[in-house]
Amino acid sequence: MDVAIGTMEREEKEDEEKKERNNKNGFYSNTIDDLRFAKVVQSEIMFEESARPNINYWKEVRRVFFKNKIAVTALVIFVLLVIISLVGPHIRNIDYVSMNMSEQNQLPSAKHWFGTDNMGRDLFCRLCNAVGISLLIAVICTVVSIFLGSAYGAIAAYVGGFVDEIMMRVIEILNSIPSLILILLILVVLGNSIPTFIFAMVFTSWTGSARMIRGKVLQLRQSEYVLASEVLGATKRRIVMKHLLPNAASLIILDVAGSIPGFVGSEAGLSFLGLGLQPPAYSLGSLLSLGQQVMAFYPHQMVAPAVLLAIIILTCNLIGDGLRDALDPQLRN
Amino acid sequence: MCIPCKKGGERMVKYILRRFGEMIILLFIIFTATFFLLAAVPGNAIDQKMEKFPESVKENIVHKYGFDKPVLERYAISVKNFVIDHQFGESIVNPGVTLSSLLKDKMPISMQLSARQILFGVPIGMILGIIAACNRGKRIDYFIVISSLVITSVPTLVFALLLQKYFGGRYGLQIIGWSQPGMGFVDGLSYTLLPTLSGVFGYIVGYSRLVRTTMLDSINQEYTMTARAKGLSEARIIYKHVIRNSFIPVCTILPGTIAGVIGGSLFIERVFSIPGIGAYYTTAVSQRDIPMIMGQTMLYTLIYLVSILVSDILYTIVDPRIKFQ
């Protein structure tokens, strides 16, 4: 209460000062009976209370996403897959690294859940590791390419003018080479290794995020509500935090959700062609190509990685769809 | 469709000429970049080829391919070869193979494979999309939407492998290979059916999703409501007002599809051992066969750039709201 009274007093003081000022200017030449204009004490007013709790954007997003049964199922399957692939090789007490010629190409059994490959290595453990590596590469590629792309796009949109023109031209040139060709060329030039492979995939994919973020920032800077808050005297920091970031954040999250399955797929494809990971490193793509060689006699060696690959991409796509519905208020029913 | 007026026509010619100029500059930049990138790599196909040869023979071979000259001179020579003489170089690994021989021997096979995929995939996909959009919210719509979501998640590669495993060698279908030139369409089908099928699903799904979304977009537009209010029959509304407008994106994406299909068939060519141009490119890359890499990179880029140009031009023709700039 003290605080309230304090502010009241200050306000009254200010009012009086103002009146005096205005009197000097000859505003209040006719004095009005002040009693009729008694000040209402702020604390006495009953503020309107909202009928239901205030839900902020991210809470709402979470609520909508977790109501989507398909997306949640996909998320659970995906998380389970990741956990199994991380834990799997450790709980199975099997040497899956060295060759074991006495157990070549075995069918699935209690000891080898998914059988063994043509060098007698346990396929279950190898699959777990392959899923881990494929996802790790996809996540690294996604993070790097979206970070670079968003920064590039935001700078281009923010600086604008001549710099923007040049930056967009660079993207145009990069986009005019088919991406697969560019990846292959980079791999030829830099040699095959995991870092160069990641670099090659990032190099061909960041342009999409850059374009998207640039478009969004340009659109937001011209939008009326940003103009309105600028006019109302909002600081730059407030505009960035309140308007630019939340709007761009949902776009970036969607971009991440869409990029991961894409990278998983292209990594598998390149490794299948023998251009991605080189042995002894292996991923789902390498296992697929090894499986293809013995497909006629031991189909499970090819089918297992193929189905896993499809499941990973499917669950990622479903999660992405759920996120899109949750993040975009215009799509909500 | 409106006939472009005279002024529009002039502008169009100007636009195409400008884009053409830009394309040539771009091609030159890419040529230069590719050349110097490849020149910066120490090893190439020659080194592998002559590992066991005596010194004098090595020198002769290096001299024959011109790799003893300084980089800038080599660059000048290859620019001259490409631009003036239209000589795109001979393969180091497979002597006698040049870009033009590839175009003659391998390109038709890749083109056939691509053409089959597009000719089957795109119309079927569009029809499914139209069916889904016309029956939105009904069971058939859900079926098409969900199955297309599942099918997009299966990479072409996985499709090809599974089809090869479970259908190849049975039902009179071949496991690998491609039809010989003498075979008719029906005889060749035993070779071509599986590779075509493995690629076709991607197009069916892609185009059905595209057509469905764009059709739903134009169904919700006001001009469709006006048409409905006028009392037009449902078939006429769909045909005259909805489909026509929703084909704009289809028209503009098609050239890109045609260009992209050559790269996309790479996995199919590899799985079914089809002697196409995509498979040759990956071999050339892994063997570092520099003249072939240069030639094919330029070829792919050219096809890609032309298709982008065509789709941009189509955009302005199909949609009169968009103007040449």
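The values are calculated or read from the model by the stated rules, or taken from the named source; none is laboratory data. Source: prediction; values computed, not measured. Neighbour counts run over all protein chains shown; Cβ positions are idealised from the backbone, glycine included.
The table that follows gives values for the structure above.
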item: Residue B:170, sole failed condition from (1) over 30 Å from residue A:317 (Cα atoms); (2) at pLDDT 80 or above; result: (2)
item: Residue check, residue A:230 of a type in the set (Asp, Glu), away from chain B (no Cβ under 14 Å) and assigned to a helix (DSSP H, G or I); result: yes
item: Every pair of residues 6+ apart whose Cβ atoms lie under 7 Å, when the first sits in segment A:261-282 and is touching a residue at least 12 places away in the same chain (Cβ under 8 Å) and of a type in the set (S, T, N, Q) while the second is outside any loop (DSSP other than H, G, I, E, B) and surrounded by 21 or more Cβ atoms within 10 Å (Cβ to Cβ); result: A:266/A:201; A:271/A:285; A:271/A:286
item: Residue that is within 28 Å of the chain's Cα centre (by Cα), within 14 Å of chain A (Cβ to nearest Cβ) and in contact (Cβ under 8 Å) with a residue 40 or more places away in the chain, where the choices are B:78, B:148, B:91, B:153; result: B:148
item: One residue from B:128, B:216 being within 14 Å of another protein chain (Cβ to nearest Cβ), modelled with pLDDT of 80 or more and not in a loop (DSSP other than H, G, I, E, B); result: B:216
item: Given (1) at pLDDT below 80; (2) under 17 Å from the mean Cα position of the chain (by Cα); (3) more than 9 Å from chain A (Cβ to nearest Cβ); (4) within 24 Å of residue A:175 (Cα to Cα), number of the condition residue B:298 does not satisfy; result: (1)
item: Some residue of segment A:308-328 being within 11 Å of chain B (Cβ to nearest Cβ), of a type outside the set (Gly, Ala, Ser) and surrounded by fewer than 17 Cβ atoms within 10 Å (Cβ to Cβ); result: no
item: Some residue of segment A:294-301 being away from chain B (no Cβ under 14 Å), modelled with pLDDT under 80 and out of contact with any strand residue (DSSP E or B) (no Cβ under 8 Å at 6 or more places or on another chain); result: no
item: Index of the failed condition, residue B:309 passing every other in (1) at pLDDT 80 or above; (2) more than 12 Å from chain A (Cβ to nearest Cβ); result: (2)
item: Whichever residue in segment A:233-291 is polar (S, T, N, Q) and in a helix (DSSP H, G or I) and, among such residues, is surrounded by the fewest Cβ atoms within 10 Å (Cβ to Cβ); result: A:247
item: Unique match (being farther than 30 Å from residue A:64 by Cβ, free of Cβ contacts under 8 Å to residues at least 60 places away in the same chain and touching a Ser or Thr at 6+ places or on another chain (Cβ under 9 Å)) among A:288, A:232; result: A:288
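Yes or no, residue by residue, for (1) away from chain B (no Cβ under 12 Å); (2) of a type outside the set (Gly, Ala, Ser):
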site	(1), (2)
A:257	yes, no
A:262	no, no
A:267	no, yes
A:271	no, no
A:276	no, no
A:280	yes, yes
A:283	yes, no
A:287	no, yes
A:291	no, no
